[in-house]
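One structure is given below, encoded as structure tokens.
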Amino acid sequence: ETMDLSALMGGDPSALLDSPMFSQIAFHPRPAQKGSSVHAGAIDGEYAGAGGVQIGYRLYPQAGCKTLIVHFHGNAELAAEMDHGVGLYRESESGGCAGLAVDFRGYGWSTGQPRLTTLCADADALVDALPAILAQAGGDAAATRCALVGRSIGGVCAVHLASRHPTRFPSLLIESSLCRIFELPMVANIAAMMGPQGAVLLQALPDPFDQLGKLRAAPTVRCTVLHGDRDELIPLAQGKALFGASAAPPSRKRLVVLKGAGHNDMAMHGTYRELVAAFLAAHAADADA
């Protein structure tokens with residue numbers, strides 16, 4: 001049995017992206033308890049996302065910090081789970097970095113239902129909330145520089161913010177992320193369900209995120225791409241395409257392929273911590289230059 005793509009879309013390509021068929025593979029939301037961090041001083045809050053939806057976040061202040069790391073996680077992760085990884089940011093840079101882990105709608109204590117078509121709009125809304133969040137972070141709100149980290153689908157949010165606000169977010173780390181959603185293997189399975197013309201019809205749809213175009217439009221943003229050569233969900237070719245699209249000069253862009261790493265075990269590889277530390281050190285050096 002095949003599907004009628006045009007009927008599913010209802011004349012609107014965005015309807016396909018927000019259809020249950022796509023949402024079931026794109027998102028795996030779970031609740032989390034607000035105020036449950038194991039880190040003393042962590043702040044759980046929300047900001048108003050697109051359409052008034054409340055987007056939850058967990059902030060890890062750091063006294064005297066010069067950098068706030070803004071982290072967008074993968075589709076089966078939670079901001080609350082940054083409890084296990086924030087130490088990496090606090091160890092880096094003199095005095096440590098403050099960390100901000102941001103959920104998607106429907107995750108943690110965020111309201112609403114996750115939607116591919118609102119990912120970027122909800123990220124945009126963070127910029128309006130950032131002054132108040134920076135004031136809580138523990139540094140000088142006016143002087144604190146932000147670095148973006150986007151993992152997997154979270155890379156969509158990170159790339160979007162870097163392209164729209166390169167002065168506010170001058171450094172970007174993209175981990176195991178995608179450049180074109182319609183070329184992912186899991187989406188190819190959807191195309192097969194649509195019949196012989198499914199792949200052709202999907203490829204004809206406009207790219208909803210334009211990751212490559214956004215990176216080409218951000219020549220001042222330092223860009224580091226980390227990807228495993230055994231990533232079973234997002235092929236290495238997509239990470240290489242992101243790196244190739246970055247308009248940053250060669251001295252400010254880096255591609256690192258972790259040998260033997262899959263999609264969800266990057267942090268288990270021995271050089272991962274050093275790579276993240278190097279990215280943060282370069283970000284701090286830019287601030288001091």
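The values are calculated or read from the model by the stated rules, or taken from the named source; none is laboratory data. Just so it is clear, the model here is predicted, and its values are computed rather than measured. Cβ sites come from the backbone with ideal geometry, for glycine too, and all protein chains shown count toward neighbours. Surface accessibility is based on the protein's heavy atoms, side chains included, excluding ligands, DNA and RNA. Shrake-Rupley method; radii C 1.70, N 1.55, O 1.52, S 1.80 Å.
Pairing residues of region 95-106 that are over 17 Å from VAL156 (Cβ atoms) and part of a loop (DSSP other than H, G, I, E, B) with residues that are of a type in the set (Val, Ile, Thr) and open to solvent by less than 10 Å² (accessible area, probe 1.4 Å), at Cβ distances under 6 Å and at least 6 apart in sequence or on separate chains, gives CYS97/THR67; CYS97/ILE69. Selection over region 156-177 of residues that are open to solvent by 10 Å² or more (accessible area, probe 1.4 Å) and assigned to a loop (DSSP other than H, G, I, E, B) gives a count of 5. Evaluating GLY262 against the criteria (1) touching an Asp or Glu at 6+ places or on another chain (Cβ under 6 Å); (2) within 24 Å of SER163 (Cβ to Cβ) leaves one unmet condition, (2).
Here are GLU46, GLU77: which of them is in contact (Cβ under 8 Å) with a residue 60 or more places away in the chain, part of a loop (DSSP other than H, G, I, E, B), open to solvent by 40 Å² or more (accessible area, probe 1.4 Å) and acidic (Asp, Glu)? When all the criteria are applied, what remains is GLU77. Going by what's in this entry, would LYS253 be described as out of contact with any strand residue (DSSP E or B) (no Cβ under 8 Å at 6 or more places or on another chain), under 29 Å from ARG145 (Cα atoms) and not small (Gly, Ala, Ser)? Spelling it out, it is not the case that LYS253 is out of contact with any strand residue (DSSP E or B) (no Cβ under 8 Å at 6 or more places or on another chain), under 29 Å from ARG145 (Cα atoms) and not small (Gly, Ala, Ser).
Let's see how each residue does on (1) in contact with a Cys (Cβ under 9 Å, 6 or more places away or on another chain); (2) crowded, with 24+ Cβ neighbours inside 10 Å; (3) in a helix (DSSP H, G or I); (4) not aliphatic (A, V, I, L, M):
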position: VAL187; (1), (2), (3), (4): no, no, yes, no
position: PRO206; (1), (2), (3), (4): no, no, no, yes
position: PHE209; (1), (2), (3), (4): yes, no, no, yes
position: GLY213; (1), (2), (3), (4): no, no, yes, yes
position: PRO219; (1), (2), (3), (4): no, no, no, yes
position: VAL225; (1), (2), (3), (4): no, yes, no, no
position: PHE243; (1), (2), (3), (4): yes, no, yes, yes
position: ARG254; (1), (2), (3), (4): yes, no, no, yes
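Criterion first (touching a Gly at 6+ places or on another chain (Cβ under 7 Å), at pLDDT below 80 and more than 18 Å from CYS120 (Cα to Cα)) does ALA192 satisfy it? In short, yes. Number of residues in region 260-269 that are open to solvent by 10 Å² or more (accessible area, probe 1.4 Å) and either of a type in the set (A, V, I, L, M) or in contact with a His (Cβ under 8 Å, 6 or more places away or on another chain) (or both) equals 3.
Looking across VAL70, VAL102, VAL127, one residue alone is within 16 Å of PRO31 (Cα to Cα), in contact with a helix residue (DSSP H, G or I) (Cβ under 8 Å, 6 or more places away or on another chain) and aliphatic (A, V, I, L, M). It is VAL102. Number of residues in region 123-155 that are buried (at least 24 other Cβ atoms within 10 Å of the Cβ) and either aliphatic (A, V, I, L, M) or at positive phi (or both): the value is 6.
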